[in-house]
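Report on one structure; see the data block that follows.
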Amino acid sequence: MRDPRLQQLARNIVGYSLDVQAGEKVLIEMAGSEREIVKCLVEEVHARGGYPYIELADNSIRAAVLRSATKEQMEHWANMDLQRMKEMDCYVAIRSGDNVSELSDVPDGKMKLYNQIYRKKVHLEQRVKRTRWVVLRYPNASMAQLAGMSTERFEDFYFDVCNLDYARMADAMEPLQELMKKTDRVRITGPGATDITFSIRGIGSVKCCGRRNIPDGELYTAPVRDSVNGIIAYNTLSVYSGVTFENIKFRFEHGKIVEASANDTARLLEVLDTDEGARYIGEFSLGFNPYILHPMKDTLFDEKIDGSLHFTPGQAYEQADNGNRSSVHWDLVLIQRPEYGGGEIYFDDRLIRKDGRFVIPELMGLNPENLK
């Protein structure tokens, strides 16, 4: 018997997140084992008069291709998939691979080419900018293990997170968005010598409330490109191209990362040297999904952690654009709740969040007890 929560999730994605209309084409990308959610999505797209199309995208297969792919092949591959993406109105990616490190042994040069050619051309330039899209995870035993839960408990957690009332969350974000419009100077402090300042004047902000990512629960902007100064020490593990990084620390001067360290500093520097924009920040975001409390090496969940922020090297989004361009967009997370060391965020010298909780009246609707 099909889990009714699965059908509800598909209905939310097709009807609320994508708002599929009759005659629209929807590309559904699956990793191979998520048949039930794909069936539910296909049914919901058809019910609204849309046309669903299915693509298999398994990282173990992608790794086999990338190990020996030439630049010419990647260009051809990107051009073929770009043409298909141009014909789509909507895109859904269901990502649930059994091994988050599947791409870790792909040579660095091949991953760099893949990001610079395929990912940038097909996804960053076309899919992100010109389709209505949703990316979601699908629960499996591997994800439950990363979260430190039994599979059954993780499934309950997953549906609490993903079937949250995102329309209600969107309303609660309004005061924060209004405050960001009026804010110039941001300061972030915390353990590990974290103390950075930057401006967000004139950049704009975007509410993330179930329209793009599932799970969701963040509001992002970007720093004025050359305005970042100081040090930030992240406290959340992050997987990039199959490699797990921890204890990442950056020092900024006039917007640029001039010093960087981590458990694997050499690989970290390779990422930062991908192109000029990789050493500048393309996104600053506050996370507040009330059900996501602890990291699980999955960016889609970790960047929404209640009481967190992410400060992202690389490409800026056009909707909150500081002009930074890169084939990198790496959401690195700092959790500021007390059990993770605490921390403060100031807007124009006014304390707005302390130890992960909003402390001014107009923003308290984003504290977890008011979003569940």
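The values are calculated or read from the model by the stated rules, or taken from the named source; none is laboratory data. Source: prediction; values computed, not measured. Cβ coordinates were reconstructed from backbone atoms using ideal geometry, including for glycine residues, and neighbour counts include every protein chain displayed. Just the protein is used for accessible areas: all its heavy atoms, side chains included, with ligands, DNA and RNA removed. Shrake-Rupley method; radii C 1.70, N 1.55, O 1.52, S 1.80 Å.
Would you be able to tell me the number of residues in segment 24-43 that are over 12 Å from Glu55 (Cβ atoms) and either at pLDDT below 90 or of a type outside the set (A, V, I, L, M) (or both)? If you could, list the steps in order and put the result at the bottom.
From segment 24-43, those over 12 Å from Glu55 (Cβ atoms) are 24-25, 33-37, 39-43; that's our starting set.
Add one more test, that the residue is either at pLDDT below 90 or of a type outside the set (A, V, I, L, M) (or both), and what stays is 24-25, 33-36, 39-40, 43.
So the answer is 9.
Could you grab me the full set of residues in segment 71-128 that are among the aliphatic types (A, V, I, L, M), closer than 24 Å to Val271 by Cα and within 23 Å of the chain's Cα centre (by Cα)?
First, pick out the residues of segment 71-128 that are among the aliphatic types (A, V, I, L, M): 74, 78, 80, 82, 85, 88, 92-94, 100, 103, 106, 111, 113, 117, 122, 124, 128.
Those still in the list that are closer than 24 Å to Val271 by Cα too: 74, 78, 100, 103, 106, 111, 113, 117, 122, 124, 128.
Result: Ala78, Val100, Leu103, Val106, Met111, Leu113, Ile117, Val122, Leu124, Val128.
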Criterion violated by Ile360 - all others in (1) in contact with a Gly (Cβ under 7 Å, 6 or more places away or on another chain); (2) free of Cβ contacts under 8 Å to residues at least 24 places away in the same chain; (3) not polar (S, T, N, Q) satisfied: (1)
Given (1) farther than 28 Å from Gln8 by Cβ; (2) in contact with a strand residue (DSSP E or B) (Cβ under 9 Å, 6 or more places away or on another chain); (3) of a type outside the set (Asp, Glu); (4) open to solvent by 20 Å² or more (accessible area, probe 1.4 Å), where does Lys129 come up short, assuming only one miss? (2)
Residue check, Gly217 against (1) open to solvent by 20 Å² or more (accessible area, probe 1.4 Å); (2) on the phi > 0 side of the Ramachandran plot, all met but one. Which one? (1)
Give the residues of segment 293-313 that are open to solvent by 10 Å² or more (accessible area, probe 1.4 Å), over 11 Å from the mean Cα position of the chain (by Cα) and hydrophobic (A, V, I, L, M, F, W, C), sorted by residue number. Leu293
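If a residue has to be of a type in the set (D, E, K, R) and surrounded by 20 or more Cβ atoms within 10 Å (Cβ to Cβ) to count, how many in segment 103-116 make the cut? Full working, then the answer.
Narrowing segment 103-116 to residues of a type in the set (D, E, K, R): 105, 108, 110, 112.
Among the residues that remain, those that are also surrounded by 20 or more Cβ atoms within 10 Å (Cβ to Cβ) are: 110.
The qualifying residues number 1.
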Return the total of residues in segment 276-292 being open to solvent by 10 Å² or more (accessible area, probe 1.4 Å) and over 21 Å from Phe198 (Cβ atoms). 1
Residues (open to solvent by 10 Å² or more (accessible area, probe 1.4 Å) and without any contact (Cβ under 8 Å) to a residue 60 or more places away in the chain) located in segment 335-357: Arg337, Pro338, Glu339, Arg350, Leu351, Lys354, Asp355, Arg357
Could you tell me which of the residues Leu66, Leu18, Leu9 is in contact with a helix residue (DSSP H, G or I) (Cβ under 6 Å, 6 or more places away or on another chain), over 30 Å from Asp105 (Cβ atoms) and in contact (Cβ under 8 Å) with a residue 40 or more places away in the chain? Leu9
Going by the structure shown, is Val206 surrounded by 18 or more Cβ atoms within 10 Å (Cβ to Cβ) and within 18 Å of Thr299 (Cβ to Cβ)? yes
